[in-house]
Amino acid sequence: MSLSQAGAHREAGVPLIEALDPRTRLIAAVFLAVAIVSLNGFAAKAGALAFAVALIFMARIDPQLLMRRLAHIEGFMAVLLVLLPLTVEGRALASLGPLSISDRGLERAIHIVLTVNAAAMTALALLGALEPIRLGRAMAALGVSERFVRLVMFIARYQGIFSSEIRRQFDSMRARGFRSSLRRQAFRAYGNLAGMILVRSIERAERVDEAMRCRGFSGRFPLRRVRPMTGADARFALLATIAAIALHALDRLA
Amino acid sequence: MSAPLIAFENVCVEREGAHVLKDVSFSLAPGERLAIVGANGAGKTTLLRAMVGLQPVTAGRIVAFGRERALESDFHEVRLRAAYMFQDADDQLFCPTVVEDVAFGPLNMGLSDDEALARARVTLTSLDLAHLADRLVRRLSGGEKRMVCLAGVLAMNPDVLLLDEPTNSLDAAHVERLVDALMRLDKAMVIVSHDRPVLDTLATRALAMRDGALHPVVLHRHAHTHEHGHIHL
């Protein structure tokens, strides 16, 4: 049996995407993302978004999770979306005092929204439900550098511990009457907090390294067997290739 | 008497000019459960670390499993045979899932994937932890993490267990489970702890550490009556 529960997911009633090998999902996500961001026209980008939505359905991603992830991305883009129509030169569609919304700026903003959301939803559909451990294995099996893979796995394991360390430290600051403000004194406290977290992280890393050496670790993770690909992987690879060709054909024709 | 598993001869450790261990000599016999007691900062953890080569020593000899050990490469074998359980479970458990973490030691010992996983599951089952095997480490409770750490070191089938404050921050029920599990093992142990009732149950011999030096202490068992306050729930 493999360490991950991949085998258990291969039963009937499991999302189509989940039946795929993690390597297929990883390659497909990168391939489709490149295909999507290299589209130019509006129609092709809209098509890409539709395809991404279809993938989301195939993966049966929890709508709440989808909304949460997209909200993160939209948050990043909000500034861009507000600024572009106001700053890019073009024909004014509407004006408000000294500000005017340009047609080219608005068009560019819409293009960016379509591309980013299509790419993000594709990645979420393919990789969203993949446990970090399976993602790491897939990366290792595809020849990604072992150090990078290890970094990904350690982040998965220790992210929670670091955030709870920061939270605990911050709670203890507040327990002694600290209040966030923009005063110099507060910034000094933030500086100490950041420094302390850094020092603790380094100490933690040293202890983890020692604990690993105590269990016989000598710098290399033992290699793991890779499960062979199946017909489902081939079919999905074909689907992804056809989708990418179709979108690019649409882009040329439109 | 059979040959000692691990022996220190006049071992010294200096850190920033201060003597952390001073002329420490002791030996651990097979089957013995040796308690090391002492105040905070007395050098107890340093002693355990020196036993597996994590702490370089400035003078003295360390003989483990029949050979003198000095270099990092000497200690690789020592670490596989004298399994060190860390004070903070989060330092030890670094794999995302429980079964993988327990399989880490066996994999490093050269077992194949399947053998290591099978060994991990058997070890977890022997500690009544089979239900945790596929859980994510970060979702475990503190007590569960400690038990999984024990499974991780036991999966290597070591001759010696080095336990650094094994019952720290455990509730009474988990302390009892851990002590039970340790009592059932037929292995030599070095136990560093402040938890006197636990040491009273486990230890067959005790040494006291004071300012980096070891002193023998009398360990005796007798019935006694005494008066103390305790909490009723």
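The values are calculated or read from the model by the stated rules, or taken from the named source; none is laboratory data. Quick caveat, the model's predicted, so the values are computed rather than measured. Here the Cβ positions follow ideal geometry from the backbone for every residue, glycine too, while neighbour counts run over all protein chains shown. The protein model used for the area step is the full one, side chains on, heavy atoms only, and it has no ligands, DNA or RNA in it. Shrake-Rupley method; radii C 1.70, N 1.55, O 1.52, S 1.80 Å.
The table for this structure:
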{"quantity": "Tally of residues being within 26 Å of B:MET109 (Cα to Cα), of a type outside the set (D, E, K, R) and open to solvent by 10 Å² or more (accessible area, probe 1.4 Å) across segment B:37-56", "calculated": "6"}
{"quantity": "Failed item, numbered, when A:TYR190 is tested on (1) within 26 Å of the chain's Cα centre (by Cα); (2) at pLDDT 85 or above", "calculated": "(1)"}
{"quantity": "Residues being open to solvent by less than 90 Å² (accessible area, probe 1.4 Å) and within 14 Å of the chain's Cα centre (by Cα) - total across segment A:62-71", "calculated": "4"}
{"quantity": "Pairs where the first residue, in segment A:242-254, is farther than 9 Å from A:ALA35 by Cα and outside any helix (DSSP H, G or I) and the second is modelled with pLDDT under 90 and open to solvent by 100 Å² or more (accessible area, probe 1.4 Å), C-beta under 8 Å, 6+ apart", "calculated": "A:ALA254/A:PHE42"}
{"quantity": "Residue in segment A:72-87 that is open to solvent by 60 Å² or more (accessible area, probe 1.4 Å) and either within 26 Å of A:PRO15 (Cα to Cα) or not assigned by TED's automatic domain parsing to the domain that holds A:GLY47 (or both) present", "calculated": "yes"}
{"quantity": "Some residue of segment A:194-212 being farther than 16 Å from B:ASP91 by Cα and more than 27 Å from the chain's Cα centre (by Cα)", "calculated": "yes"}
{"quantity": "Hits in segment B:139-157 (condition: touching a residue at least 40 places away in the same chain (Cβ under 8 Å) and within 10 Å of another protein chain (Cβ to nearest Cβ))", "calculated": "B:CYS149, B:GLY152, B:VAL153, B:ALA155, B:MET156"}
{"quantity": "Matching residues, segment B:12-51, being among the basic types (Lys, Arg) and farther than 19 Å from B:MET85 by Cα", "calculated": "B:ARG15, B:LYS22"}
{"quantity": "Only listed residue being in a loop (DSSP other than H, G, I, E, B), more than 19 Å from B:GLY110 (Cα to Cα) and open to solvent by less than 80 Å² (accessible area, probe 1.4 Å), chosen from A:SER181, A:SER201", "calculated": "A:SER181"}
{"quantity": "Hits in segment B:71-109 - residues which are at the interface with another protein chain (Cβ under 8 Å from one of its Cβ atoms), closer than 14 Å to B:ASN157 by Cα and open to solvent by 50 Å² or more (accessible area, probe 1.4 Å)", "calculated": "B:MET109"}
{"quantity": "Test: residue in segment A:136-157 that is exposed (fewer than 14 other Cβ atoms within 10 Å of the Cβ) and within 11 Å of chain B (Cβ to nearest Cβ)", "calculated": "yes"}
